[in-house]
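The block underneath contains the structure these notes are about, expressed in structure tokens.
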Amino acid sequence: MEAAIRSERAARGRERASRSHHEPSFVRKYIFSTDHKVIGIQYLLTSLFMALVGGSMAMLVRLQLAWPGKAWPVLGAVFPDAFRDGVMRPDFYYALVTMHGTIMVFFVLTTILSGGFGNYLIPLQIGAGDMAFPVLNMVSYWLVPPAIIVLMAAFFVEGGAPGSGWTAYAPLSAVEGSAPGSGLGQTLWLISLALLMVSFLMGSLNYITTVLNLRARGMAMLRLPLTVWALFVAAILSLLSFPVLTAAAVMLLFDRHFGTSFFLPEGLVVGGRALEVSGGDPLLWQHLFWFLGHPEVYIIIVPAMGIVSEVLATHARKPVFGYRFMVGSLMAIAFLSFLVWGHHMFTSGMHPLLGTAFMTTTLIIAVPSAVKTFNWLATLWRARIRFTSAMLFAIGFVSLFVTGGLTGMVLGSPAANTYFHDTYFVVAHFHLVMGSAALFGVFAGIYHWFPKMFGRLMNEGLGRLHFWLTFVGVYATFFPMHFLGAAGMMRRVFSPQVYGFLQQLEPLNVAITASALGLGLAQFLFVYNFGYSLFRGARAGRNPWQATTLEWYAPSPPPHGNWDEAPPVVHRWPYDYSLPGAGEDFVPQTAPEPAVVLAGGAPAGGAAGGGEGA
Amino acid sequence: MQAETRPGADPRPAADPQPEAEGRGWGLITGVTVALLALGALFTTLLATGRWWLPPVASAHGAEIDRLFYTILVIIGTVFLLVQLTLAYFVLRFGSRPGTRALHWHDNRRLELLWTIIPAVILVALTTMGGLVWARIHTAPPPDAFTVEVTAEQFGWWVRYPGPDGVFGRTGPGLITRQNPLGLDPGDPLGGDDVVLLNDLRVPVERPVRVFLRAKDVIHSFFVPELRVKQDAVPGRTIEFWFTPTVRGEFEIACAELCGVGHFGMRGKLTVLSPDALEAWLAEQGH
Ligand code: HEM
Ligand SMILES: [Cu+2]
Ligand SMILES: [Cu+2]
């Protein structure tokens, strides 16, 4: 048995050697590469670029909300079609809101967490040489740039980009002429999303297969780092939910171009024009959209939770508290997230009993979320924290996740939701819990794994400054939005000046915009640090953070095939930090048990690490 | 068989990434920041209640919604402060110190069950409370309710009163013209006395008002902040809801669901008046 495995591994090693024998061309190596690390970095850079695009759109939106009707001659000169005499036009405003949401949710947070970290980390952390389907993986990435081009093209076609919001509610998104941008722009939006969904589908199949089949010897499921668990669970969520949105997008395309009426009821009169449609239901779109949409928010936050668990443990020099509960709560969240979509539709006129059912499932999902939060806190208790940039962002994540998650209790209660639905209270909720917390997870991950990816450390001084400005910035920007919502300010208003009851909110809106601009500017510190460290950062070595997981066993950056020596063999769970009696305050997963025989007989591997198979 | 190079055996990297970061000074700064942000959140919320907050409630069920909201707010506010301050304290207290190690402690079934069960209990309470209020505001409207129909259209609110006969006339989308925006059937005698107005809804105070809500084109949402009323208007459906205004005066009807380029200006007027004044006004409209 042992011999068989050894000879198999030797064969694999030979194969690797022969593969790296002839250097692949530049194009095969960095552009159309099948190497999971290159693909991960491609996803990462693409998403960061899109974050700049989506973030700039948010700045324009905030300018308008603080100073509606003000003339911006410079902007008017740059975007002649979007501004009239320097004043932003409402159709452009709605296009910005729609594209900002679409880009941030799908082309930044989903692509960077699942695509970027998923690709980069899964094979390395499970001890594999690459993904299960490297070519599929490459195709999955290369669907993203076309999707982006199709999406951005919407700005340049007749009628402009769609203005129906990232949720694209029908009939607004189904009937041409119901809004500017509801022509070709909306069609391009749908095609772009359909492309992206296919890409996510390929990606998630790949992640699931890889985690199930390519784990290194000794890497039992219950020895997987929590990052891998989280990415695995998110992939299952994607696999089950994205096809539903793809189907919905295709149905909507049919409604728009081929005369069906899935989402269009009889008797529709738009702009005085009676439509020849019948039999459809606009709420069907909402059900299909949110059946994806709610799991989607967890597809985003779950990998961020995994990253944060990993970063907290490493930089606190302490095992993650409650590994099994952490895995269990991930699964519970994933399962429940398919049963709560109706909480986005409490005011749609659904039967009150259905509202009660969705309230119940929604509030249940808060229990596993609470368990995770308390386990993170317990991880910090009697830790020895190193305040690196990665760690600071992980701490910030916990704070923001709590702040944003708690207002879910208000929104999840349908009677209270009646007042707060579609107000800035909701905007505050999801920008804190999804926008900011997930972004903090991303930053924690980048500061943590940058040395592995590029072999150099990021500048810690700049990183910490970036953290302080961003942490204070997101609170200053998004927390006061609760007050706007409490005062009744609706989402997606082009100007809050029309209504009497919104007039008094002006100073608050100005303050929020000022914070948002500061927050946006602070991100250039990160851009600078990233670019600078790429070329000038201090050399990292294999394991700069003295971490336990397998990726730190590889060189930085890892070569093609990942392992310069024999592929790793796993002997213990991933969180043996500060093990009493061990020589150092961390014991890598590759360290064999006898290497840390303990004098006092204290538990060595830890409860969750015991046993080969699980 | 074992790989000789273990990461643990690696020399420390050339540049130590966190020399100063290991001190407790950073813990102090970070912990204090988390705590200050949490207290700042509390403080600004208290300040905001005086100025940027829910407008005074003007309906019977609205008072119940407010009570529910404040109950939830106190609960989540307490949890918010406890968790954030604990986080702040741990960060402040447990910075790395040379020569010492963290506690190797990672499982405690008791504790974990405790913090599974306590949130579960709180959430059962919240669910029950929320469910009761939700059920109460969705009972059938009282039979003596004052009845109107509201039809949303890009970008305004058509209001129809049934007239003296108390019955709405038939409508059909095929009959809609510029002059007949709701498509009233001229052949239906019951519709002859219907009164149709744009963006002008008047209802009696202290009497249940029952609304039949419809939409002609896309989804809109009928929102009156003071009444704590928000109901989507969905094309193809007639959605019924009711409320009892308790305060006389003029209020704004806002559209709360993105409905196109004029969404932000889809403003209607709601006037709550005494039943007598309303009767007199309605009689005038009939002519
Ligand atoms: C912890 C428990 C949570 C509860 C009970 C909860 C509840 C809700 C409810 C009821 C809504 C609907 C609000 C409305 O439109 O009226 C909502 C909206 C939203 N939530 Fe949460 N939420 C929770 C956590 C999260 C998390 C973790 C995320 C993302 C990472 C998230 C992301 C969102 C987003 C994006 C929306 C708004 C979507 C839109 O309308 O554009 N929520 N949440
Ligand atoms: Cu949701
Ligand atoms: Cu509207």
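The values are calculated or read from the model by the stated rules, or taken from the named source; none is laboratory data. Treat the numbers as computed from the prediction; the structure is a model and nothing was measured. Cβ sites come from the backbone with ideal geometry, for glycine too, and all protein chains shown count toward neighbours. Calculation scope for accessible area: heavy atoms of the full protein, side chains included, ligands and nucleic acids excluded. Shrake-Rupley method; radii C 1.70, N 1.55, O 1.52, S 1.80 Å.
Report, to one decimal in Å, the Kirkwood hydrodynamic radius for region B:159-287 based on all distinct Cα pairs.
Details: mean 1/r = 0.0640 Å⁻¹.
It is 15.6 Å.
Hey, what number do you get for chain A at 222 nm if only DSSP H runs of n ≥ 4 count, each worth -39500 (n - 2.57), divided across all residues, to the nearest 500? Intermediate values should be presented prior to the final figure.
Working: 20 runs with 345 residues, N = 614.
It comes out at -19000 deg cm²/dmol, rounded to the nearest 500.
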Spin-label pair B:Thr128/A:Val135, simplified geometry with 7 Å Cα→Cβ offset, distance in nm | 6.1
Would you mind checking which residues have amide H under 5 Å from A:Thr423's amide H? H placed 1.01 Å from N; only 5 or more apart, or other chain.
-> A:Arg491
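How high is the FRET efficiency from B:Ala135 to A:Glu266, r the C-beta distance, R0 25 Å, rounded to 0.05?
0.20
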Mind checking region A:21-96 for trypsin sites (Lys or Arg not before Pro) that DSSP puts in a loop (not H, G, I, E or B) and that have at most 14 other Cβ atoms within 10 Å?
-> A:Lys70
Average beta carbon contacts from partner chains per residue of A:419-429, 10 Å cutoff | 3
Value of relative contact order over region B:63-162, rounded to a whole percent, pairs C-alpha under 8 Å and six or more apart | 24
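Take the Cβ-Cβ distance between B:Trp105 and B:Ile29 as r, set R0 to 35 Å, and report the resulting FRET efficiency rounded to the nearest 0.05. Don't skip to the end; give the middle numbers.
Numbers: r = 26 Å, r/R0 = 0.75.
Here the calculated transfer efficiency is 0.85.
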Over all residues in A:65-73, what is the mean tally of Cβ atoms on other chains that come within 10 Å of each residue's Cβ?
-> 0
In percent, how large is the relative contact order of chain A, given Cα pairs closer than 8 Å and 6 or more residues apart?
-> 15
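Normalised by the residues of chain B, what does the relative contact order come to in percent, with Cα pairs under 8 Å and at least six apart? Intermediate values should be presented prior to the final figure.
On the way: 426 pairs, mean separation 52.5, N = 287.
Worked out over chain B, it gives 18 percent.
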Taking every DSSP bridge whose two residues both lie in the protein assembly as shown, the antiparallel percent to the nearest 5 is 75
Which angle between 0 and 90 degrees, to the nearest 10, do you get for helix B:109-136 versus the longest principal axis of chain B when only C-alpha atoms count?
-> 10
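Can you tell me what percent of all Cα-Cα pairs in chain B are more than 37 Å apart?
On the way: 17512 of 41041 pairs.
Result for the distance tail: 43 percent.
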Applying the gyration tensor rule to the Cα atoms of region A:71-203 (axes a ≥ b ≥ c; rounded if a/c under 1.5, else prolate if a/b exceeds b/c, else oblate), the class is prolate
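Subtract the Cα-Cα distance of B:Ile117 and B:Leu190 from 0.36 nm times their separation in residues, and report this length gain in nm to one decimal.
So the chain would gain 20.3 nm between B:Ile117 and B:Leu190.
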Could you run the Debye sum over the Cα atoms of region B:94-240, one equal point scatterer each and no solvent, and tell me log10 of I(q)/I(0) at q = 0.13 Å⁻¹, two decimals?
-> -0.72
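Sort A:486-492, B:124-130 by packing, meaning the average of other beta carbons within 10 Å per residue, with the highest value first.
Numbers: A:486-492: 24.0, B:124-130: 17.7.
Output ranking for A:486-492, B:124-130: A:486-492, B:124-130.
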With all protein chains in place and a 1.4 Å probe, B:Glu252 shows an accessible area in Å² (nearest 10) of 30
Expected-Rg normalisation [2.2 N^0.38 Å, Cα atoms] applied to region B:20-98 = 1.57
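Could you work out the per residue convex hull volume over the alpha carbons of region A:366-454, in cubic angstrom?
Numbers: hull volume 9.0 nm³, N = 89.
Output value, Cα hull per residue: 101 Å³.
Grab chain A and count how many Lys pairs have their alpha-carbon atoms under 21 Å apart, sequence gap of 8 or more, or different chains.
Working: A:Lys29/A:Lys37; A:Lys29/A:Lys452; A:Lys37/A:Lys452; A:Lys318/A:Lys372.
Eligible lysine pairs with Cα atoms under 21 Å apart amount to 4.
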Rounded to the nearest 5, the percent of antiparallel DSSP beta bridges in region B:146-285 equals 70
Looking only at B:Arg136, B:Arg248, B:Arg202, which one moves most when chain B is put into a Gaussian network model with springs between Cα atoms under 10 Å?
-> B:Arg136
Could you give the nm distance between label points at A:Phe79 and B:Arg97, where each point is 7 Å from its Cα heading toward the beta carbon?
-> 5.5
Quantify how strongly other chains surround peptide A:274-281 by giving the mean number of their Cβ atoms within 10 Å of each of its Cβ atoms.
-> 2
Working from the alpha-carbon coordinates of region A:199-294, get Rg over Rh, Rh being the Kirkwood radius.
-> 1.26
For B:Asp200, other-chain or 5+-apart residues with amide H closer than 5 Å (H placed, Pro excluded) are B:Val159, B:Lys269
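At 10 °C and 1.306 mPa s, grab the translational diffusion coefficient of region B:13-165 from Stokes-Einstein with a Kirkwood Rh over Cα pairs, rounded to a whole number in µm² per second.
On the way: Rh = 21.6 Å.
Translational D for this selection: 74 µm²/s.
Given region A:407-564, report the % of alpha carbon pairs whose separation exceeds 18 Å. Show your work: numbers first, answer last.
On the way: 8280 of 12403 pairs.
It works out to 67 percent of all Cα pairs.
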Sum of -39500 (n - 2.57) over DSSP H runs of 4+, divided by residues of chain B (222 nm, nearest 500) | -12000 deg cm²/dmol
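Give the calculated FRET efficiency between A:Val27 and B:Gln285 to the nearest 0.05, with a Förster radius of 60 Å applied to their Cβ-Cβ distance. Present the calculation step by step, with values, prior to reporting the outcome.
On the way: r = 76 Å, r/R0 = 1.26.
Step by step, r from the Cβ atoms, then E = 0.20.
Dividing the alpha-carbon radius of gyration of chain A by 2.2 N^0.38 Å (N being the number of residues), what value is obtained? The partial results should precede the final answer.
On the way: Rg = 25.0 Å, N = 614, 2.2 N^0.38 = 25.2 Å.
Rounded to two decimals, the normalised Rg is 0.99.
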